[in-house]
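Read through the structure below, which is laid out as structure tokens, and then see the notes.
The values are calculated or read from the model by the stated rules, or taken from the named source; none is laboratory data. Remember, it's a predicted structure, so these values are computed and weren't measured experimentally. Here the Cβ positions follow ideal geometry from the backbone for every residue, glycine too, while neighbour counts run over all protein chains shown.
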Amino acid sequence: MWQKIVISMALIAIVLSTENRTEAQQIQACDAICSKQQQVDKFKSNDQKPFLDADLKRINSQRLHDALVELHLLIEQNLSVAEDLLSDAPEADKKELGDKINALQQKLQAVEHDLSLPGRSSQASSPAATVITPSATVPNTAGTNNDPIPASSAAGPLIGATRFASCSDGSSPANTYLSMLARGAAELIVSRQDPSAANDQIDRILFAGFSDVAVPQQFRGNFTEVMQKLYVKSETRKATDKQIGASPQAEGSTSAIEKPDFTKLLGFAVEHGAVEQVVNGTTLTLSSSPYALMTAGKGGDTAENYSHYNAFTRLGASATFNIQDQNNVLASATRKQLSEWSVRYRFNPDRSTRSKDFLDYWNSNVLPELNNSGVALGNALLHLQDENSTVINAIDQKLTAPDGFIAQYYSQHKDEPQDTLIDGLEKEISCRVEQQFTENMNSLQITDATRVVLQQDLDAYAKAQEGLQTAITRAENFSKELEKRWQGTFAYTQKQQQITSNYSILKFIFEKSAPAPLKLTANIEGSLYHRPDPLKNQETLRDFSAALSFEYLAGRSPFVTNPLDQSQVSLSFTGSYERMPENRGVLNKKADIGNAQFKFQLPVASGIVFPISFTFANSSELVKKNHWRVNFGLTFDLDKLSQLMSVSSQP
């Protein structure tokens, strides 16, 4: 009977939390899309004016193409979020989301038609993919068809068709504006099975490539990396919200209260307890979530996977085992040694930098600054083209000629799977463009007057980049504000007892930031016996309890060396009250049990925390006696390690 009650309560909690979606979670009109569409319409209108001279028409066409590319990204970002919300949306929201998805798909098709793209990009779309300035390095390809073009013979004959090593061998360009344009060209080439299909786009690709050699290094930005760094900082900063160790009922637990968050990939904790210098118990806790299983073999914890499998991040599971062999802790992870297992459901909205709230903020406040940078850079590139058409046209020929780089690569790799061929062509085009500009910089002819104009353009670009950096800083502050919002979790725990009867715990966990740097956590729970024993004065209701904790964040740990790791040293004070009806009138037992705990957590390395707690209780559940308890251990959060490694491994 109690199992039906448990399942019913869990279902009610999930249904209520799903139906009470806030207005912020609904798909709303995107101001960024509307604004960008207006720009596109303006440039299209200009393009139709018969009185426009050739130079103005060329500049307008370039601006139109850039605006279409940015609009394409914005629509894909919104479409990805809408499709993710639809996957677990209540019936009341499905029609609205379906209509929004259909409208976005129609807009996407229209933009792709204008861009002459073959279809929706196979790459994930997120703000992280929106970058103006490339940061890919140029590989050394000496001995290949890469000779610099002399200024005196820039338009001369090209080297004949010679099989050469792919420029992309061993390189992987960043998600930049250049690679974004190169991918569109690669998709068009593969779709039409024609290496010359994208020749009319090469001029735009060359403009993007020049930015890597024209713009000072300090002003180049890879926004995939920027977004990932913001995510890592946020996740490590709020790691104290995770429950990685055992529940307060476990013998060795260092916690008198449970936290609302949990690991998404894998975490484990070893905790040791003693009461008045007598060993009380040592436990091993393993924790994970369905999200880890869904993303295994699919690239792991990436922004794309997070968006696609976001619903599974709401669920967590853990198991705690009594340790027999201190020298081989994992050997105790057997069913026989199982002390408790737990499942959790988080019913608050996502608060991470991958959440809809943060992405909306990013699109509204950071992307406009990004557009300003693009306009300033575009001016510099157009002024450069005016005086260097001979050199740039020669580079164009080396890319697009029948025996050029693109045709050679396509001929050598055309039998590969389509996705592999597109990826390879994207890297080849990006790499060759950067390589050619780097090798022919001395051939570019820039007059003093043009240098003045270019300097003004680049100064404007630098100023726009400063504005962009300010916007990114504000975005990080907004992520900190998201962390301060409430969190709520429902947890079900089943206790496997060796002496007394087995029982289950139903718990609601709530956390909210108090005035900085304090956090307030509350637990309310009740437990039920599976098979109550009347001879032991047991009824179905075993107990009910409440706990309240104040946590102080003392700042970043001095022991973590990675500058992105914001793991916090924390001190907390917790008070709890438990009522056990079965202890009423029983000799040497108390029905009302109180605990007071002081806990200190110190991150000693990235992903590793040392917790120690001191607890006073007026009684235990088994013996009526005041006592002190000391617990300590180590917790390992592989979420942190994975996130930090993913950033450090980026080019």
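Among the residues of region 556-583, write down those that are of a type in the set (Ser, Thr, Tyr), within 20 Å of Phe616 (Cα to Cα) and surrounded by fewer than 17 Cβ atoms within 10 Å (Cβ to Cβ).
Tyr577
Which one is surrounded by the fewest Cβ atoms within 10 Å (Cβ to Cβ) among residues in region 485-520 that are of a type in the set (A, V, I, L, M) and in a strand (DSSP E or B)?
Filtering first and then ranking leaves Leu518.
Let's see how each residue does on (1) under 15 Å from Arg237 (Cα atoms); (2) at pLDDT below 85; (3) assigned by TED's automatic domain parsing to the domain that holds Leu315:
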{"position": "Ala491", "(1), (2), (3)": "no, no, yes"}
{"position": "Gln496", "(1), (2), (3)": "no, no, yes"}
{"position": "Leu506", "(1), (2), (3)": "no, no, yes"}
{"position": "Glu511", "(1), (2), (3)": "no, no, yes"}
{"position": "Ala514", "(1), (2), (3)": "no, yes, yes"}
{"position": "Pro517", "(1), (2), (3)": "yes, yes, yes"}
{"position": "Ile524", "(1), (2), (3)": "no, no, yes"}
{"position": "Leu528", "(1), (2), (3)": "no, no, yes"}
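Residues in region 521-543 that are surrounded by fewer than 16 Cβ atoms within 10 Å (Cβ to Cβ) and either over 40 Å from the mean Cα position of the chain (by Cα) or more than 30 Å from Asp241 (Cβ to Cβ) (or both): how many?
Matching residues across region 521-543 total 9.
Under 8 Å between Cβ atoms, at least 6 apart or on separate chains: pull out the pairs that start in region 558-571 with a residue that is over 16 Å from Gln601 (Cα atoms) and end on any residue that is part of a loop (DSSP other than H, G, I, E, B).
Within 8 Å, the pairs are Thr561/Ser606; Asn562/Ser606.
Enumerate the strands (runs of 3 or more DSSP E) found wholly within region 543-640, keeping only those where 3 or more residues are of a type in the set (Lys, Arg) and in contact with a strand residue (DSSP E or B) (Cβ under 7 Å, 6 or more places away or on another chain).
Details: elements: 568-579, 592-605, 608-617, 627-637.
In region 543-640, no matching strands (runs of 3 or more DSSP E) lie anywhere.
Yes or no: Ser619 buried (at least 17 other Cβ atoms within 10 Å of the Cβ), in contact with a Ser or Thr (Cβ under 9 Å, 6 or more places away or on another chain) and of a type outside the set (Phe, Trp, Tyr)? Step through it out loud before you land on a result.
Values: buried (at least 17 other Cβ atoms within 10 Å of the Cβ): yes; in contact with a Ser or Thr (Cβ under 9 Å, 6 or more places away or on another chain): no; of a type outside the set (Phe, Trp, Tyr): yes.
Spelling it out, it is not the case that Ser619 is buried (at least 17 other Cβ atoms within 10 Å of the Cβ), in contact with a Ser or Thr (Cβ under 9 Å, 6 or more places away or on another chain) and of a type outside the set (Phe, Trp, Tyr).
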